[in-house]
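Notes follow once the structure below has been shown.
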Amino acid sequence: MNLQNKVAVITGGNSGIGFASAKEFKKNGATVIITGRNKEKVKKAAEELGVKGVVADVVDIHQTNNLATEIGNEFGKVDILLLNAGIFLPEPLGSLSEDGYNAQMDINLKGAIFTVDKFIPLLNDNASIINVSSELANKGVANTAIYSATKAALNSYTKTAATELAPRKIRVNSINPGPVSTPIYAKTGMSEEQLDDMAEHFKNRVPLKRFAEPSEVAKLAAFLASDDASFITGSEYNIGGGINVSI
Ligand SMILES: NC(=O)c1ccc[n+]([C@@H]2O[C@H](COP(=O)([O-])OP(=O)(O)OC[C@H]3O[C@@H](n4cnc5c(N)ncnc54)[C@H](OP(=O)(O)O)[C@@H]3O)[C@@H](O)[C@H]2O)c1
(Lines give C-alpha, C1' and ligand atoms only; values in the text may rest on other atoms or scores of the structure.)
Protein backbone atom coordinates (compact mmCIF):
# COMPACT_ATOMS: atom_id res chain seq x y z
CA MET A 1 0.00 0.00 0.00
CA ASN A 2 2.77 2.42 -0.93
CA LEU A 3 0.36 5.07 -2.28
CA GLN A 4 -1.49 5.36 1.03
CA ASN A 5 -2.64 8.92 1.84
CA LYS A 6 -1.93 10.09 -1.70
CA VAL A 7 -4.46 11.75 -3.99
CA ALA A 8 -4.09 10.81 -7.66
CA VAL A 9 -5.67 12.46 -10.71
CA ILE A 10 -5.67 10.47 -13.95
CA THR A 11 -6.72 12.12 -17.22
CA GLY A 12 -8.44 9.80 -19.69
CA GLY A 13 -9.06 7.33 -16.90
CA ASN A 14 -12.18 5.71 -18.31
CA SER A 15 -10.31 3.36 -20.63
CA GLY A 16 -7.12 1.41 -21.34
CA ILE A 17 -3.93 2.43 -19.52
CA GLY A 18 -5.68 5.16 -17.51
CA PHE A 19 -8.36 2.77 -16.28
CA ALA A 20 -5.78 0.11 -15.35
CA SER A 21 -3.70 2.73 -13.56
CA ALA A 22 -6.71 3.90 -11.56
CA LYS A 23 -7.25 0.31 -10.46
CA GLU A 24 -3.57 -0.16 -9.56
CA PHE A 25 -3.27 3.18 -7.71
CA LYS A 26 -6.41 2.40 -5.72
CA LYS A 27 -5.14 -1.09 -4.88
CA ASN A 28 -1.99 0.58 -3.54
CA GLY A 29 -3.98 2.85 -1.24
CA ALA A 30 -4.40 6.07 -3.24
CA THR A 31 -7.55 8.15 -3.44
CA VAL A 32 -8.17 8.27 -7.19
CA ILE A 33 -10.01 10.71 -9.44
CA ILE A 34 -10.42 9.86 -13.11
CA THR A 35 -11.35 12.26 -15.88
CA GLY A 36 -12.56 11.82 -19.43
CA ARG A 37 -14.40 13.62 -22.20
CA ASN A 38 -17.49 11.44 -22.42
CA LYS A 39 -20.02 11.68 -19.58
CA GLU A 40 -21.45 8.17 -19.90
CA LYS A 41 -18.06 6.49 -20.21
CA VAL A 42 -16.64 8.40 -17.24
CA LYS A 43 -19.66 7.55 -15.08
CA LYS A 44 -19.54 3.85 -15.97
CA ALA A 45 -15.79 3.57 -15.38
CA ALA A 46 -15.89 5.53 -12.11
CA GLU A 47 -18.66 3.28 -10.80
CA GLU A 48 -16.79 0.15 -11.82
CA LEU A 49 -13.59 1.38 -10.18
CA GLY A 50 -15.30 2.85 -7.11
CA VAL A 51 -13.58 6.23 -7.61
CA LYS A 52 -14.66 9.77 -8.37
CA GLY A 53 -15.12 10.59 -12.05
CA VAL A 54 -15.14 14.10 -13.51
CA VAL A 55 -15.95 15.05 -17.09
CA ALA A 56 -13.23 17.39 -18.34
CA ASP A 57 -12.01 17.59 -21.92
CA VAL A 58 -8.24 18.22 -21.75
CA VAL A 59 -8.43 20.42 -24.84
CA ASP A 60 -10.64 22.94 -23.06
CA ILE A 61 -8.55 24.91 -20.55
CA HIS A 62 -11.71 26.30 -18.98
CA GLN A 63 -12.82 22.73 -18.16
CA THR A 64 -9.35 21.94 -16.79
CA ASN A 65 -9.57 25.00 -14.56
CA ASN A 66 -12.94 23.87 -13.27
CA LEU A 67 -11.55 20.37 -12.69
CA ALA A 68 -8.69 21.77 -10.60
CA THR A 69 -11.08 23.94 -8.60
CA GLU A 70 -13.45 21.02 -7.93
CA ILE A 71 -10.64 18.71 -6.86
CA GLY A 72 -9.02 21.42 -4.74
CA ASN A 73 -12.30 22.05 -2.94
CA GLU A 74 -13.01 18.36 -2.34
CA PHE A 75 -9.55 16.85 -1.76
CA GLY A 76 -7.23 19.76 -0.96
CA LYS A 77 -3.85 18.82 -2.35
CA VAL A 78 -2.85 16.40 -5.09
CA ASP A 79 0.15 14.04 -4.97
CA ILE A 80 0.02 12.21 -8.30
CA LEU A 81 -0.88 13.53 -11.74
CA LEU A 82 -1.01 10.96 -14.54
CA LEU A 83 -1.28 12.78 -17.89
CA ASN A 84 -2.65 9.90 -19.86
CA ALA A 85 -5.44 11.23 -22.13
CA GLY A 86 -4.40 10.66 -25.72
CA ILE A 87 -5.44 9.73 -29.23
CA PHE A 88 -3.69 8.04 -32.14
CA LEU A 89 -4.61 9.04 -35.70
CA PRO A 90 -2.23 7.44 -38.21
CA GLU A 91 -2.00 9.19 -41.60
CA PRO A 92 0.56 8.96 -44.41
CA LEU A 93 2.75 11.90 -45.40
CA GLY A 94 1.19 13.67 -48.35
CA SER A 95 -2.29 13.08 -46.94
CA LEU A 96 -1.95 14.62 -43.51
CA SER A 97 -5.11 16.35 -42.34
CA GLU A 98 -5.12 19.61 -40.44
CA ASP A 99 -7.90 18.23 -38.24
CA GLY A 100 -5.76 15.23 -37.34
CA TYR A 101 -2.82 17.49 -36.56
CA ASN A 102 -4.89 19.79 -34.37
CA ALA A 103 -6.64 16.98 -32.52
CA GLN A 104 -3.44 15.07 -31.71
CA MET A 105 -1.44 18.16 -30.76
CA ASP A 106 -4.32 19.51 -28.68
CA ILE A 107 -5.07 16.32 -26.77
CA ASN A 108 -1.66 14.65 -26.51
CA LEU A 109 0.48 17.73 -25.92
CA LYS A 110 -1.49 20.85 -25.07
CA GLY A 111 -3.87 18.81 -22.89
CA ALA A 112 -1.05 17.40 -20.78
CA ILE A 113 0.88 20.67 -20.50
CA PHE A 114 -2.08 22.79 -19.45
CA THR A 115 -3.44 20.19 -17.05
CA VAL A 116 -0.09 20.30 -15.25
CA ASP A 117 -0.13 24.09 -15.33
CA LYS A 118 -3.56 24.36 -13.77
CA PHE A 119 -2.69 21.79 -11.10
CA ILE A 120 0.65 23.31 -10.05
CA PRO A 121 -0.89 25.31 -7.19
CA LEU A 122 -2.63 22.16 -5.94
CA LEU A 123 0.39 19.87 -6.01
CA ASN A 124 2.03 18.88 -2.76
CA ASP A 125 5.78 19.23 -2.55
CA ASN A 126 7.16 15.74 -3.42
CA ALA A 127 4.31 15.19 -5.89
CA SER A 128 4.84 12.94 -8.90
CA ILE A 129 3.84 13.96 -12.43
CA ILE A 130 3.84 11.18 -15.00
CA ASN A 131 3.39 11.84 -18.71
CA VAL A 132 2.17 8.88 -20.75
CA SER A 133 4.23 9.24 -23.90
CA SER A 134 5.17 6.48 -26.38
CA GLU A 135 8.08 4.48 -27.76
CA LEU A 136 7.11 6.20 -31.02
CA ALA A 137 8.61 9.43 -29.63
CA ASN A 138 12.00 7.92 -30.45
CA LYS A 139 11.10 5.96 -33.60
CA GLY A 140 10.44 6.62 -37.26
CA VAL A 141 7.40 4.43 -37.90
CA ALA A 142 5.47 5.17 -41.11
CA ASN A 143 2.12 6.98 -40.81
CA THR A 144 2.79 8.20 -37.28
CA ALA A 145 4.57 11.51 -38.03
CA ILE A 146 2.20 13.75 -36.08
CA TYR A 147 1.43 11.35 -33.24
CA SER A 148 5.13 10.63 -32.72
CA ALA A 149 5.91 14.35 -32.79
CA THR A 150 3.34 14.99 -30.05
CA LYS A 151 5.02 12.38 -27.88
CA ALA A 152 8.55 13.60 -28.63
CA ALA A 153 7.46 17.09 -27.66
CA LEU A 154 5.86 15.72 -24.49
CA ASN A 155 9.15 14.05 -23.53
CA SER A 156 10.97 17.31 -24.11
CA TYR A 157 8.45 19.02 -21.85
CA THR A 158 9.05 16.33 -19.20
CA LYS A 159 12.72 17.31 -19.01
CA THR A 160 12.07 21.04 -18.68
CA ALA A 161 9.28 20.56 -16.17
CA ALA A 162 11.47 18.23 -14.10
CA THR A 163 14.13 20.93 -13.79
CA GLU A 164 11.70 23.73 -13.17
CA LEU A 165 9.68 21.91 -10.51
CA ALA A 166 12.69 20.35 -8.77
CA PRO A 167 12.93 23.16 -6.17
CA ARG A 168 9.56 21.92 -4.88
CA LYS A 169 10.81 18.29 -5.03
CA ILE A 170 8.09 17.57 -7.58
CA ARG A 171 9.25 14.78 -9.86
CA VAL A 172 8.31 14.65 -13.56
CA ASN A 173 8.82 11.54 -15.67
CA SER A 174 7.62 9.99 -18.92
CA ILE A 175 6.48 6.48 -19.63
CA ASN A 176 7.06 5.29 -23.21
CA PRO A 177 4.82 2.30 -23.83
CA GLY A 178 5.22 0.13 -26.91
CA PRO A 179 2.03 -1.43 -28.29
CA VAL A 180 -0.55 -1.97 -25.54
CA SER A 181 -3.88 -3.81 -25.93
CA THR A 182 -6.36 -0.96 -25.48
CA PRO A 183 -9.33 0.52 -27.36
CA ILE A 184 -7.08 3.31 -28.79
CA TYR A 185 -6.60 1.42 -32.06
CA ALA A 186 -10.31 0.81 -32.65
CA LYS A 187 -10.84 4.60 -32.35
CA THR A 188 -8.59 5.35 -35.35
CA GLY A 189 -11.35 4.76 -37.88
CA MET A 190 -9.28 2.04 -39.59
CA SER A 191 -10.98 -1.11 -40.93
CA GLU A 192 -10.73 -4.45 -39.09
CA GLU A 193 -8.32 -5.69 -41.74
CA GLN A 194 -6.07 -2.63 -41.45
CA LEU A 195 -6.13 -2.92 -37.66
CA ASP A 196 -5.17 -6.60 -37.84
CA ASP A 197 -2.30 -5.81 -40.24
CA MET A 198 -1.03 -3.02 -38.01
CA ALA A 199 -1.28 -5.21 -34.90
CA GLU A 200 0.66 -7.99 -36.62
CA HIS A 201 3.31 -5.52 -37.78
CA PHE A 202 3.72 -3.99 -34.32
CA LYS A 203 3.79 -7.39 -32.61
CA ASN A 204 6.52 -8.64 -34.92
CA ARG A 205 8.69 -5.64 -34.13
CA VAL A 206 8.51 -6.32 -30.38
CA PRO A 207 11.26 -8.75 -29.33
CA LEU A 208 8.89 -10.25 -26.72
CA LYS A 209 6.40 -10.75 -29.59
CA ARG A 210 3.26 -9.45 -27.97
CA PHE A 211 1.35 -6.33 -26.96
CA ALA A 212 1.55 -5.22 -23.33
CA GLU A 213 -1.47 -5.47 -21.08
CA PRO A 214 -2.59 -2.09 -19.68
CA SER A 215 -1.99 -3.49 -16.17
CA GLU A 216 1.73 -3.88 -16.95
CA VAL A 217 2.02 -0.18 -17.78
CA ALA A 218 -0.07 0.66 -14.70
CA LYS A 219 2.47 -1.09 -12.45
CA LEU A 220 5.25 1.13 -13.82
CA ALA A 221 3.08 4.21 -13.32
CA ALA A 222 2.40 3.13 -9.71
CA PHE A 223 6.13 2.77 -9.08
CA LEU A 224 6.93 6.23 -10.49
CA ALA A 225 4.03 7.67 -8.48
CA SER A 226 5.36 6.23 -5.23
CA ASP A 227 8.05 7.46 -2.87
CA ASP A 228 10.06 4.38 -3.91
CA ALA A 229 10.94 6.45 -7.00
CA SER A 230 11.97 9.44 -4.87
CA PHE A 231 15.23 10.14 -6.74
CA ILE A 232 13.87 9.63 -10.25
CA THR A 233 12.97 12.72 -12.23
CA GLY A 234 13.37 13.92 -15.80
CA SER A 235 13.49 10.30 -16.96
CA GLU A 236 11.85 8.32 -19.73
CA TYR A 237 10.88 4.73 -19.00
CA ASN A 238 10.53 2.43 -21.99
CA ILE A 239 8.00 -0.35 -21.53
CA GLY A 240 7.75 -2.00 -24.90
CA GLY A 241 8.96 -5.58 -24.66
CA GLY A 242 12.33 -4.45 -26.05
CA ILE A 243 11.01 -2.53 -29.08
CA ASN A 244 13.28 0.39 -28.16
CA VAL A 245 16.37 -1.70 -28.93
CA SER A 246 15.10 -3.67 -31.93
CA ILE A 247 15.51 -2.62 -35.54
N1 LIG B 1 -2.25 1.60 -26.57
C2 LIG B 1 -1.02 1.76 -27.02
O3 LIG B 1 -0.48 0.93 -27.77
C4 LIG B 1 -0.22 2.96 -26.57
C5 LIG B 1 1.15 2.97 -26.85
C6 LIG B 1 1.91 4.06 -26.46
C7 LIG B 1 1.31 5.12 -25.82
N8 LIG B 1 -0.02 5.11 -25.57
C9 LIG B 1 -0.61 6.27 -24.89
O10 LIG B 1 -1.28 5.85 -23.74
C11 LIG B 1 -2.29 6.80 -23.39
C12 LIG B 1 -3.58 6.05 -23.09
O13 LIG B 1 -4.01 5.44 -24.28
P14 LIG B 1 -4.77 4.02 -24.29
O15 LIG B 1 -4.01 3.16 -25.21
O16 LIG B 1 -5.08 3.56 -22.93
O17 LIG B 1 -6.08 4.46 -25.12
P18 LIG B 1 -7.62 4.56 -24.72
O19 LIG B 1 -8.07 3.29 -24.12
O20 LIG B 1 -8.29 5.09 -25.91
O21 LIG B 1 -7.61 5.66 -23.56
C22 LIG B 1 -7.41 7.01 -23.83
C23 LIG B 1 -8.20 7.81 -22.84
O24 LIG B 1 -8.03 9.22 -23.11
C25 LIG B 1 -9.34 9.78 -23.18
N26 LIG B 1 -9.34 11.00 -23.96
C27 LIG B 1 -9.14 11.16 -25.29
N28 LIG B 1 -9.29 12.45 -25.64
C29 LIG B 1 -9.57 13.12 -24.50
C30 LIG B 1 -9.83 14.48 -24.21
N31 LIG B 1 -9.85 15.42 -25.17
N32 LIG B 1 -10.09 14.83 -22.93
C33 LIG B 1 -10.09 13.89 -21.95
N34 LIG B 1 -9.87 12.60 -22.17
C35 LIG B 1 -9.61 12.22 -23.43
C36 LIG B 1 -10.18 8.68 -23.80
O37 LIG B 1 -11.56 8.96 -23.72
P38 LIG B 1 -12.61 8.21 -24.71
O39 LIG B 1 -12.78 6.83 -24.15
O40 LIG B 1 -13.82 9.06 -24.63
O41 LIG B 1 -11.96 8.16 -26.08
C42 LIG B 1 -9.71 7.53 -22.96
O43 LIG B 1 -10.27 7.56 -21.68
C44 LIG B 1 -2.38 7.75 -24.58
O45 LIG B 1 -1.71 8.95 -24.27
C46 LIG B 1 -1.67 7.01 -25.68
O47 LIG B 1 -1.10 7.89 -26.63
C48 LIG B 1 -0.81 4.05 -25.93
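Results, tabulated for the structure shown:
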| item | result |
| --- | --- |
| Filtered residue count, the range 140-176, keeping only those that are assigned to a loop (DSSP other than H, G, I, E, B) and either away from the ligand (no atom under 11 Å from the Cβ) or surrounded by 24 or more Cβ atoms within 10 Å (Cβ to Cβ) (or both) | 6 |
| Checklist (1) charged (D, E, K, R); (2) in a loop (DSSP other than H, G, I, E, B); (3) surrounded by 20 or more Cβ atoms within 10 Å (Cβ to Cβ) applied to D79, failing item | (2) |
| Subset of the range 194-244 that is assigned to a strand (DSSP E or B) and closer than 15 Å to T182 by Cβ - its residue that is farthest from the chain's Cα centre (by Cα) | A212 |
| Among the candidates Q63, Q4, residue that is more than 8 Å from the ligand (Cβ to nearest atom), part of a loop (DSSP other than H, G, I, E, B) and at pLDDT 95 or above | Q4 |
| Test for T11: is it near the ligand (Cβ under 8 Å from one of its atoms), in contact (Cβ under 8 Å) with a residue 12 or more places away in the chain and within 23 Å of P121 (Cα to Cα) | yes |
| Verdict on F88 being touching a Lys or Arg at 6+ places or on another chain (Cβ under 9 Å), aromatic (F, W, Y), within 25 Å of K219 (Cβ to Cβ) and within 8 Å of the ligand (Cβ to nearest atom) | yes |
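The values are calculated or read from the model by the stated rules, or taken from the named source; none is laboratory data. What you see is a predicted model, and the numbers here were worked out from it, not measured in a lab. So basically every Cβ, Gly included, is an ideal-geometry build from the backbone, and we count neighbours across all protein chains shown.
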